[in-house]
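Taking it in order: structure first as structure tokens, then the write-up.
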Amino acid sequence: MGLISLQGKKGLIVGIANEHSIAWACARACRDAGAELAATWQTEKARPHVEPLLDVLDVDLRQALDVADDAQMQALFARIAEQWGRLDFLLHAVAFAPKADLQGRVTDSSREGFLLAMDVSCHSFVRMARLAEPLMAQGGSLTTLSYLGSEEVVPHYGLMGPVKAALESTVRYLAAELGPSAIRVNAISPGAIPTRAASGLAEFDALVADQSRRAPLPSALSIDDVGPLAAFLASDAARAITGTTQYVDGGYHILN
């Protein structure tokens with residue numbers, strides 16, 4: 001991490017669920033690079049799993065955030081404005097779809113499930129960008145997490161495929177709109193990594209095995225393969241990079 005510096009920068013990490021979360025690896029990498037962090041947990045049930053991790057990183061600005069709750073989100077950004085007066089980077093690592101819709105056919109997905117998945121997984125990033133913009137008067141970086149199922153049909157990824165496709169398109173539009181304010185917007189697309197969120201996908205172990213076997217760099221991925229890229233995108237070293245989807249999958253995305 002010596003080549004990546006976030007000294008003096010302040011960033012918000014949304015989406016840490018436990019020590020196996022990709023967001024946790026990203027938070028560690030950003031902290032190791034010198035950033036001061038704010039972070040959230042989704043529910044009181046998750047709080048005991050998240051707060052000890054935040055203690056490790058000396059995160060003082062912390063609170064609950066259900067991204068579907070506008071009042072909670074507005075309160076979080078108001079607190080950041082009050083305590084910090086600015087925000088240099090944000091990582092959005094939030095996705096959800098009801099199990100029945102996630103594990104069924106897209107053809108059979110419910111209207112309610114589709115809208116909920118789109119709201120939590122995609123439009124919440126838009127809402128965060130809108131609230132972050134005035135705090136990034138000197139520029140900044142917004143990053144979200146996607147997956148290969150956004151552009152290819154991945155077995156059992158189902159409803160999240162169209163949702164992640166919308167998210168990646170949103171990244172491009174936000175990048176175009178916020179670029180004049182020196183705010184960069186990018187997505188990271190990790191390969192198949194065992195996390196709590198991934199456990200909701202049917203046949204996920206088979207996907208991990210196929211990736212490990214066929215990727216040009218054929219080795220198992222871990223959350224720590226993703227963290228350094230998140231820190232890089234938040235840093236000034238990535239000052240000319242925006243509107244992109246960056247893959248961390250050992251090259252698996254280039255295969256048919």
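The values are calculated or read from the model by the stated rules, or taken from the named source; none is laboratory data. This structure is a prediction, so every number in the text was calculated from the model and none was measured. Cβ: placed from backbone, ideal geometry, glycine included. Neighbour counts: every protein chain shown.
Here is how the numbers come out for the structure above:
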{"item": "Residue in segment 73-111 that is surrounded by the fewest Cβ atoms within 10 Å (Cβ to Cβ), counting only those that are part of a helix (DSSP H, G or I), at pLDDT 95 or above and in contact with a Ser or Thr (Cβ under 9 Å, 6 or more places away or on another chain)", "result": "Met73"}
{"item": "Ser124 being touching a Pro at 6+ places or on another chain (Cβ under 8 Å) and either at pLDDT 95 or above or farther than 24 Å from Ala166 by Cα (or both)", "result": "no"}
{"item": "Matching residues in segment 202-223 - criterion: being of a type in the set (A, V, I, L, M, F, W, C), in a loop (DSSP other than H, G, I, E, B) and over 21 Å from the mean Cα position of the chain (by Cα)", "result": "Ala202, Ala215, Leu217"}
{"item": "Where a residue in segment 7-35 is closer than 16 Å to Ser141 by Cβ and its partner, wherever it lies, is basic (Lys, Arg), with Cβ under 7 Å and at least six apart", "result": "Lys10/Arg86; Ala35/Lys9; Ala35/Lys10"}
{"item": "Residues located in segment 112-125, provided they are of a type in the set (A, V, I, L, M) and either loosely packed, with under 15 Cβ neighbours inside 10 Å or in contact with a strand residue (DSSP E or B) (Cβ under 9 Å, 6 or more places away or on another chain) (or both)", "result": "Leu115"}
{"item": "Evaluation of Ala46 against (1) hydrophobic (A, V, I, L, M, F, W, C); (2) at pLDDT below 95; (3) surrounded by 23 or more Cβ atoms within 10 Å (Cβ to Cβ) (one fails), failing number", "result": "(3)"}
{"item": "Residues of segment 58-72 satisfying the condition of being outside any helix (DSSP H, G or I) and either among the acidic types (Asp, Glu) or surrounded by 14 or more Cβ atoms within 10 Å (Cβ to Cβ) (or both)", "result": "Asp58, Val59, Asp60, Leu61, Arg62, Ala64, Leu65, Asp66, Val67, Ala68, Asp69"}
{"item": "From Gly113, Gly179, Gly158, residue being small (Gly, Ala, Ser), more than 18 Å from Gly15 (Cβ to Cβ) and out of contact with any helix residue (DSSP H, G or I) (no Cβ under 6 Å at 6 or more places or on another chain)", "result": "Gly179"}
{"item": "Residue in segment 10-32 that is in contact with a helix residue (DSSP H, G or I) (Cβ under 7 Å, 6 or more places away or on another chain), at negative phi, of a type in the set (Lys, Arg) and surrounded by fewer than 22 Cβ atoms within 10 Å (Cβ to Cβ) present", "result": "no"}
{"item": "Output for segment 149-186, where each listed residue is more than 26 Å from Arg105 (Cα to Cα) and either outside any helix (DSSP H, G or I) or hydroxyl-bearing (Ser, Thr, Tyr) (or both)", "result": "Tyr173, Ser181, Ala182, Ile183, Arg184, Val185, Asn186"}
{"item": "Meets criteria (at pLDDT 80 or above, closer than 16 Å to Val248 by Cβ, out of contact with any Cys (no Cβ under 7 Å at 6 or more places or on another chain) and surrounded by fewer than 13 Cβ atoms within 10 Å (Cβ to Cβ)) for Pro228", "result": "no"}
{"item": "Count of segment 209-246 residues which are acidic (Asp, Glu) and within 18 Å of Ala93 (Cα to Cα)", "result": "2"}
{"item": "Qualifying residue in segment 9-22 (condition: more than 15 Å from Ala132 (Cβ to Cβ), within 15 Å of the chain's Cα centre (by Cα) and assigned to a helix (DSSP H, G or I))", "result": "yes"}
{"item": "Segment 206-225: number of residues that are surrounded by 17 or more Cβ atoms within 10 Å (Cβ to Cβ) and at pLDDT below 85", "result": "4"}
{"item": "Matching option when the condition is surrounded by fewer than 16 Cβ atoms within 10 Å (Cβ to Cβ) and not hydrophobic (A, V, I, L, M, F, W, C), among Gly251, Gly161, Gly243, Gly191", "result": "Gly251"}
